[in-house]
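Here the structure is laid out as structure tokens; the discussion comes afterwards.
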Amino acid sequence: MKIGLFSQFNRVGAWVLLLFLVTPALIAIPVSLTPKRFLSMPQGELSLRHFQKLFTSEEWLSSFFQSGVIAVSTSVLATALGTICAIGLWRVSSRYSELVRAFLLLPLIIPQIISAMAFYRLWIPLGLLDSYAGLILAHTILAAPMVLITVSASLATFDPKLEQASKNLGASNWTTMRRVILPSIKPGVFAGAIFAFILSWDEIVVTLFISKFNVYTLPRRMWNGIRENTDPTVAAAAVVLIAITFISFMLFAILSRRNASNSAS
Amino acid sequence: MHALRKHIHPGWLIIAPLLVLVIALYLGPILNILWLSVTDPEPGFGNYAKLGESDALIRILWTTVRICIITTLFSVTLGYSIAYAMVHCHQRQKNYMLTLLLVSFWISILVRTFSWLMLLGRNGLVNVALEDIGLIAEPIAFMRNELGVLIGMIHYMIPYAVLPLLVSMQSIDQRVMNASRNLGATGAQTFWRIYLPLTTPGVVASTLLVFILSLGFYVTPAVLGGGKVLMVAEYISVQLLVTLKWGTAAMLAACMLFGVLAMLWIMSRFMKLSTVFGGAAR
């Protein structure tokens with residue numbers, strides 16, 4: 001079919017839209033380089049003083065550290081729980097297991113403000129407010145569905161006969177899991193781990209409700225900076241976050257390319 | 001023990017940890033909130049009656065619904081255009097487009113909100129640029145009003161709108177369109193009478209997904225609305241953290257929750273839900 005004028009026009013429009021999606025975020029880069037003490041576009045000279053402040057300020061550094069600890073713990077916990085759960089659901093695959101799967105995906109779609117309310121409500125009597133454990137647990141529940149999705153996608157292409165073959169050859173359940181199933185679904189597990197990390201690293205709504213002084217994550221500090229809307233250190237932090245996004249995107253792209261070539265061969 | 005084994009698949013053993021965690025720490029408090037909505041401050045449907053009495057509440061609900069509808073309309077229309085272009089171009093170009101889409105998907109919501117703050121403010125880049133080229137004499141108020149909230153929300157939602165549409169467009173048999181053209185239909189006729197109806201499931205899924213996500217949106221309205229545009233999510237947080245009125249907040253959360261579940265149910269009629277979520281992961 002010949003490409004019509006309309007399609008041509010639409011394609012140009014789509015490119016413009018896609019650039020509209022990505023470019024606004026880049027404004028943080030010039031703003032972070034301003035030599036002034038307030039948020040502004042640099043005129044003429046550039047300065048790295050706000051990056052210097054970001055990386056020497058005790059507050060910002062502790063926020064980076066806390067967010068890192070919470071995101072890594074969330075990623076590990078959510079990946080472990082999500083992966084074994086996905087394998088279980090894949091093994092059972094009955095009407096009930098599909099219901100359970102739908103139920104377990106709910107934290108992903110229920111509005112975050114409701115999740116925040118729920119955790120806030122329960123964390124008060126449990127004494128988990130404003131603690132690492134509280135944040136990690138909450139983030140794990142929100143992130144596990146991501147892992148469930150990516151691992152289930154990998155399992156969908158895994159041949160169940162391999163599992164039977166392994167058992168017929170005398171391997172125990174545990175050995176089969178470790179030596180046969182896990183290696184074949186590795187790309188899904190890694191993708192899930194990255195997704196879980198990003199979710200926790202970037203989470204603000206639930207964090208606003210269940211943290212206060214002790215635990216002050218990076219999104220929380222950025223949120224404060226954005227609301228005060230004066231200190232350009234926020235722009236420097238935004239640039240660092242954009243850089244991290246690009247790096248994890250590269251990782252993810254490499255992994256999924258490897259995944260694709262694996263399933264092709 | 002053996003009898004139990006026979007009836008219960010051993011796979012449930014490894015499903016259990018996550019399931020128990022989610023039931024105890026997530027479903028439990030949500031049910032508790034639903035319960036609160038009819039018991040706090042006193043038993044009965046007093047909280048729900050406020051929906052009919054309080055003008056402030058009605059205004060907030062109306063603002064929320066209006067903003068969500070406009071956001072959804074724009075996101076799905078623009079998303080349709082992007083998805084259509086992606087499906088109908090060469091693989092190489094498509095990969096570039098997908099990369100841009102996913103990068104925007106991944107950039108932190110806080111970074112994006114911050115950027116809009118820099119761009120749309122009274123002395124923001126957009127106003128300065130427009131003044132410099134002489135298009136406007138006075139800065140346009142983009143922020144602290146619905147316009148700013150809409151720009152921020154549509155920008156955030158477009159990628160979510162595209163993914164279900166992509167899934168649905170990719171499954172269409174291109175030969176149907178060729179047949180239509182061979183039978184003498186014009187390009188426009190083929191699009192309106194064949195292509196668009198075939199993508200209806202995708203459009204429905206994308207509409208509901210964006211609507212659901214917009215409904216509970218907190219960050220962008222709170223920052224770009226600057227307190228002037230009060231939506232349900234922000235109102236709930238004020239009720240909980242400032243005025244400590246659990247009852248009203250719980251009632252609003254319950255309404256939102258039932259709305260979302262109803263929409264999910266409709267959505268599941270049109271599309272396998274996992275493909276909507278899986279779209280980003282594959």
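The values are calculated or read from the model by the stated rules, or taken from the named source; none is laboratory data. Remember, it's a predicted structure, so these values are computed and weren't measured experimentally. Note: ideal-geometry Cβ built from the backbone for every residue, glycine included; neighbour counts use all protein chains shown. Surface accessibility is based on the protein's heavy atoms, side chains included, excluding ligands, DNA and RNA. Shrake-Rupley method; radii C 1.70, N 1.55, O 1.52, S 1.80 Å.
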When A:Met177 is run through (1) under 19 Å from the mean Cα position of the chain (by Cα); (2) within 12 Å of another protein chain (Cβ to nearest Cβ); (3) surrounded by fewer than 22 Cβ atoms within 10 Å (Cβ to Cβ), the failure sits at (1)
Filter result (surrounded by 15 or more Cβ atoms within 10 Å (Cβ to Cβ) and either without any contact (Cβ under 8 Å) to a residue 40 or more places away in the chain or among the polar types (S, T, N, Q) (or both)) within region A:205-223
A:Thr207, A:Ser211, A:Thr217, A:Met222, A:Trp223
Could you say whether any residue in region B:101-114 is open to solvent by 50 Å² or more (accessible area, probe 1.4 Å), of a type in the set (Ser, Thr, Tyr) and outside any helix (DSSP H, G or I)?
no
When only residues in region A:85-101 that are small (Gly, Ala, Ser) and more than 7 Å from chain B (Cβ to nearest Cβ) count, which is farthest from the chain's Cα centre (by Cα)?
A:Ser94
Give me a count of the residues in region B:21-55 that are of a type in the set (Val, Ile, Thr) and at the interface with another protein chain (Cβ under 10 Å from one of its Cβ atoms).
4
Within 12 Å of chain A (Cβ to nearest Cβ), buried (at least 20 other Cβ atoms within 10 Å of the Cβ) and charged (D, E, K, R): is that true of B:Arg122 in this structure?
no
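When you go through B:Ile8, B:Ile14 one by one, which is the residue that is aliphatic (A, V, I, L, M) and buried (at least 16 other Cβ atoms within 10 Å of the Cβ)?
B:Ile14
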Would you mind finding the one in B:Ala233, B:Ala141, B:Ala222 that is in the same structural domain as B:Ser115 (by TED's automatic domain parsing), among the small types (Gly, Ala, Ser) and surrounded by fewer than 21 Cβ atoms within 10 Å (Cβ to Cβ)?
B:Ala141
Residues that are open to solvent by 10 Å² or more (accessible area, probe 1.4 Å) and among the β-branched types (Val, Ile, Thr), drawn from region A:111-149
A:Ile124, A:Ile136, A:Ile149
Looking only at residues that are at the interface with chain A (Cβ under 10 Å from one of its Cβ atoms) and among the polar types (S, T, N, Q) in region B:153-179, which one is farthest from the chain's Cα centre (by Cα)?
B:Asn178
The condition from (1) in contact (Cβ under 8 Å) with a residue 12 or more places away in the chain; (2) within 22 Å of the chain's Cα centre (by Cα) that A:Ala118 misses is numbered (1)
A:Leu46 passes all but one of (1) within 7 Å of chain B (Cβ to nearest Cβ); (2) exposed (fewer than 15 other Cβ atoms within 10 Å of the Cβ); (3) not hydroxyl-bearing (Ser, Thr, Tyr); which number fails?
(1)
Every residue from region A:71-103 that is touching a residue at least 40 places away in the same chain (Cβ under 8 Å), aliphatic (A, V, I, L, M) and crowded, with 18+ Cβ neighbours inside 10 Å
A:Ala71, A:Leu77, A:Ala78, A:Leu81, A:Ala86, A:Ile87, A:Leu89
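Give, as residue ranges, the helices (runs of 4 or more DSSP H) completely inside region B:180-230 that count at least 2 residues that are of a type in the set (Gly, Ala, Ser) and more than 28 Å from B:Trp116 (Cβ to Cβ).
By residue number, B:187-190.
From the set of residues in region A:189-235 that are of a type in the set (Gly, Ala, Ser) and away from chain B (no Cβ under 11 Å), which is farthest from A:Ile124 (Cα to Cα)?
Once the filter is applied, the top-ranked residue is A:Ala193.
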When the residues of region A:1-24 are filtered to those that are at pLDDT below 85 and of a type in the set (A, V, I, L, M), which remaining residue is least open to solvent (accessible area, probe 1.4 Å)?
A:Ile3
